[in-house]
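Some notes on the structure that comes next.
Laboratory data are not the source of any read-out in this text; all were calculated from the coordinates shown. Given the structure is predicted, the values throughout are model-derived calculations rather than measurements. Cβ placement follows ideal geometry from the backbone for every residue including glycine, while neighbour counts extend to all protein chains displayed.
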Amino acid sequence: MKKNSQFLIKNRFSLSLFSLTIAAGLLNFAAPIKEAHAYSEDKNWPCIQGKVIKLSAGQMWRGNPVKETDFTWQQNEDVKKLVNKIIPRRVPLKETEKFIEEFAKQHQTNIKPQLEQSFLALLFETNKIRKEIIGGIGKFSTRQKSLSKRIVENRRKIAEFEKKDEAGTLTKEEDQQFGKLEQQLEWDIRIHEEREKSLEYVCESPVILEQRLFALSQQLKKFYK
């Protein structure tokens, strides 16, 4: 009665095992994610990209030294307006350059401090967004590990029921449990696989933000005279 569904689940589960492994009694992600640990000290970090929690001014800014603890830009309405225009990822870099050029023309007499404040504002806002994304990735990893552990445990229980079924000792109550576990397993595997598909995109987000900040800092630097 259960042969067809068991065959389907076993095959789906065998595919899922490519992304699962058990070590020291605890379930961790498989090869691609395991390799990521070489780039990060955080063992819960699921991305191949290294975990960089905070970007620093020294990485991005090539003008006069700026202090990340300087928040005078928060009182500069022109700077805040500029940053609000150029920081969204949906705004193409061609457009951001135009906004920056217009800003530079308006502040020709004191352009350096204005651009420095603009960079500090961009750095602060980018780090804030990245922190939220990185926190979300950590929660994602925890959920995936918990789900993976449940998949392995339910597969173990199903294997026990299969043995009883083959031996003809499966009770009616156990047969009902068997069916429920199969359904739960198939559903859990589907969720796990869908999450894995989205992982690559999610992991790219902090990197994309870092690249955008660097590109914007370069655009600011063009008018830094």
Whichever lysines have a C-alpha closer than 24 Å to that of Lys221, once near sequence neighbours (fewer than 8 apart) are set aside | Lys54, Lys67, Lys80, Lys81, Lys85, Lys94, Lys98, Lys105, Lys112, Lys128
So for the pair Lys157, Asn84, with labels modelled 7 Å out along Cα→Cβ, what separation do we get in nm?
-> 5.3
Using a Förster distance of 41 Å, the FRET efficiency for Gln49-Lys172 (Cβ separation, nearest 0.05) = 0.20
Counting Lys and Arg as +1 and Asp and Glu as -1 over every other residue whose Cβ sits under 15 Å from the Cβ of Trp73, the net charge comes to 0
